[in-house]
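Enquirer: I'd like to ask you about the structure that follows.
The values are calculated or read from the model by the stated rules, or taken from the named source; none is laboratory data. Remember, it's a predicted structure, so these values are computed and weren't measured experimentally. As a convention, Cβ positions derive from the backbone with ideal geometry for all residues, glycine included, and neighbour counts pool all protein chains shown.
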Amino acid sequence: MNQAIRPDTGTQALASCPLLSVIVPTFNERDNVLELFRKLDAALAGVAWEVIFVDDNSPDGTADLVRELGQRDPRGRGLRRIGRRGLSGACIEGILASSAPYVAVMDADLQHDETQLAKMLGLLQSGAAELVVGSRYIEGGSADSFNKQRAGVSALATALAKRVLRVEIADPMSGFFMIRRDRFEQLAPQLSTQGFKILLDIVATARGTLRIVEVPFTFGARLHGESKLDSMVALDFLGLLLAKFTNDIVSLRFLLFATVGSIGVVVHFLALFIALKIVGLPFPESQACGAILAMTSNFVLNNFLTYRDQRLRGLGILRGLLLFYLVCSVGLVANVGVAFSVYNQEPIWWLAGAAGALMGVVWNYAMSGLFVWRKR
């Protein structure tokens, strides 16, 4: 631990009643924690501030370092999350854990310009804004540190957000912003804990009721660690667009679950054909093989894709698989029961089949979320 950070009575007084909380979601950011704290200390001189590092149980010991920091300087706080992942959820939990009237969100990777925080705070205190966004895409801002691929992806995502959700700000994909905590708390119950674009969610959920000001900043280059962006970010982004466009009527998780179920049907029939026609097993045994393989493939895909933020690991996978078998078995009974009931009233085979399938997938989805991938 660097001895340069020492508590004093003035610092302790500031931390006891902070005006500003800076929320920093972290995962494997140990190398950046102390440098960011020093930068915040310099940028917010004279401001009663604190920083809350919300760590997703980093294996590199980020939470341990934050705890040591907090023992030396009470302005450094840590919130360690177990069994939960995702930047948006981390930001929501961090903001709601704060008692300061103003909260800022920024990354731990030193790419956001902390020198803009005082200006952003002034805009909120003066009443000129309720939300201040650090923008890379207005005059004076820059994202020149992006490579061509990331610049293209960012531009496409920004254009989609503006067109689909009618968001008017220049940089709705920014991860650097400051907001009045009371206004955030009003919106919090409607926000998604999934994904990486918490600002876009806030702006889309507010539906024009927030006074927003953008301030330019230059997006820097990462000095330590690795980017958390991967192929799943695009899926999370599209899911957020879908949810907000449909007023949260359509859930991406449900669509993914249904899609995986459709893949399971293909797996079932393929396994049935192989067991029956190639291996030569009797039909009951072949049907059982198809059903078990389909449920197993559904479990694996759902664990990897649909419930990736609650992914089961270790012995939890075996327990989850057995529970998934049980849930799907009951879902099959519900499927057949509904289909039979509909067919008795209206003997249209495809309508009865569709009704049964819909009942089955709704049941499996609800019970899987409740028992197999339940939040801890």
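Enquirer: Would you mention how many residues in the range 184-198 are closer than 22 Å to Ala128 by Cβ and surrounded by fewer than 17 Cβ atoms within 10 Å (Cβ to Cβ)?
Expert: Total meeting the criteria: 2.
Enquirer: Next up: Exactly one condition in (1) part of a helix (DSSP H, G or I); (2) at pLDDT 90 or above; (3) in contact with a helix residue (DSSP H, G or I) (Cβ under 8 Å, 6 or more places away or on another chain) is false for Ala161; which is it?
Expert: Status for Ala161: all satisfied but (2).
Enquirer: Here is a follow-up. Specify which of the listed residues (Leu156, Leu65, Leu110, Leu79) is assigned to a helix (DSSP H, G or I) and either touching a residue at least 24 places away in the same chain (Cβ under 8 Å) or among the hydroxyl-bearing types (Ser, Thr, Tyr) (or both). Full working, then the answer.
Expert: Numbers: Leu156 fails: either touching a residue at least 24 places away in the same chain (Cβ under 8 Å) or among the hydroxyl-bearing types (Ser, Thr, Tyr) (or both); Leu110 fails: assigned to a helix (DSSP H, G or I); Leu79 fails: assigned to a helix (DSSP H, G or I).
When all the criteria are applied, what remains is Leu65.
Enquirer: On the basis of being closer than 20 Å to Met106 by Cβ, at pLDDT 90 or above, in the same structural domain as Pro101 (by TED's automatic domain parsing) and not aromatic (Phe, Trp, Tyr), does Val233 make the cut? Outline the logic, then answer.
Expert: Values: closer than 20 Å to Met106 by Cβ: yes; at pLDDT 90 or above: no; in the same structural domain as Pro101 (by TED's automatic domain parsing): yes; not aromatic (Phe, Trp, Tyr): yes.
No.
Enquirer: Any residue in the range 172-189 that's more than 18 Å from Leu20 (Cα to Cα): show its pairings with residues that are of a type in the set (Lys, Arg) and not in a helix (DSSP H, G or I) at Cβ separation under 8 Å, as long as the two are six or more apart or on different chains.
Expert: As it stands, the answer is Pro172/Lys197; Met173/Lys197; Ser174/Arg136, since those pairs meet every condition given.
Table: residues versus (1) surrounded by fewer than 17 Cβ atoms within 10 Å (Cβ to Cβ); (2) free of Cβ contacts under 8 Å to residues at least 24 places away in the same chain.
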position: Leu305; (1), (2): yes, no
position: Phe324; (1), (2): no, no
position: Ser341; (1), (2): yes, yes
position: Ala352; (1), (2): no, yes
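Enquirer: Oh, and also: For Val51, state whether it is touching a helix residue (DSSP H, G or I) at 6+ places or on another chain (Cβ under 8 Å), closer than 26 Å to Gly122 by Cα and assigned to a loop (DSSP other than H, G, I, E, B). Spell out how you get there, then give the answer.
Expert: Values: touching a helix residue (DSSP H, G or I) at 6+ places or on another chain (Cβ under 8 Å): yes; closer than 26 Å to Gly122 by Cα: yes; assigned to a loop (DSSP other than H, G, I, E, B): no.
For Val51, the condition - touching a helix residue (DSSP H, G or I) at 6+ places or on another chain (Cβ under 8 Å), closer than 26 Å to Gly122 by Cα and assigned to a loop (DSSP other than H, G, I, E, B) - is not met.
Enquirer: Does the range 104-115 contain any residue that is out of contact with any strand residue (DSSP E or B) (no Cβ under 9 Å at 6 or more places or on another chain), under 23 Å from Arg308 (Cβ atoms), crowded, with 21+ Cβ neighbours inside 10 Å and of a type in the set (D, E, K, R)? Can you show your working first?
Expert: Just the residues of the range 104-115 that are out of contact with any strand residue (DSSP E or B) (no Cβ under 9 Å at 6 or more places or on another chain), to begin with: 109-111, 115.
Now drop any that are not under 23 Å from Arg308 (Cβ atoms), which leaves 109.
The next check asks that each one be crowded, with 21+ Cβ neighbours inside 10 Å; those that pass are 109.
After this cut, where a residue has to be of a type in the set (D, E, K, R) as well, the list is 109.
Yes, that holds for at least one residue.
Enquirer: Can you name every residue in the range 307-322 that is assigned to a helix (DSSP H, G or I), charged (D, E, K, R) and surrounded by 14 or more Cβ atoms within 10 Å (Cβ to Cβ)? Quick ask: steps written out before the conclusion?
Expert: Of all residues in the range 307-322, those assigned to a helix (DSSP H, G or I) come to 308-310, 315-322.
Filter again for charged (D, E, K, R), leaving 308-309, 319.
If the condition is that a residue be assigned to a helix (DSSP H, G or I), charged (D, E, K, R) and surrounded by 14 or more Cβ atoms within 10 Å (Cβ to Cβ), then Arg308, Asp309 are the ones that fit.
Enquirer: Output yes when any residue across the range 270-286 is within 16 Å of Phe257 (Cα to Cα) and in a helix (DSSP H, G or I), and no when none is. Write out each step before concluding.
Expert: Keep residues of the range 270-286 that are within 16 Å of Phe257 (Cα to Cα), which gives none.
Scanning the range 270-286, I find no residue that is within 16 Å of Phe257 (Cα to Cα) and in a helix (DSSP H, G or I), so the answer is no.
Enquirer: Continuing with this model, one more query. Determine whether Ile52 is among the hydrophobic types (A, V, I, L, M, F, W, C), surrounded by fewer than 16 Cβ atoms within 10 Å (Cβ to Cβ), assigned by TED's automatic domain parsing to the domain that holds Asp236 and within 27 Å of Asp201 (Cβ to Cβ). Walk me through it before giving the result.
Expert: On the way: among the hydrophobic types (A, V, I, L, M, F, W, C): yes; surrounded by fewer than 16 Cβ atoms within 10 Å (Cβ to Cβ): no; assigned by TED's automatic domain parsing to the domain that holds Asp236: yes; within 27 Å of Asp201 (Cβ to Cβ): yes.
For Ile52, the condition - among the hydrophobic types (A, V, I, L, M, F, W, C), surrounded by fewer than 16 Cβ atoms within 10 Å (Cβ to Cβ), assigned by TED's automatic domain parsing to the domain that holds Asp236 and within 27 Å of Asp201 (Cβ to Cβ) - is not met.
Enquirer: Applying the selection to the range 113-136, what residues are within 22 Å of Val33 (Cα to Cα), aliphatic (A, V, I, L, M) and part of a strand (DSSP E or B)?
Expert: Correct list: empty.
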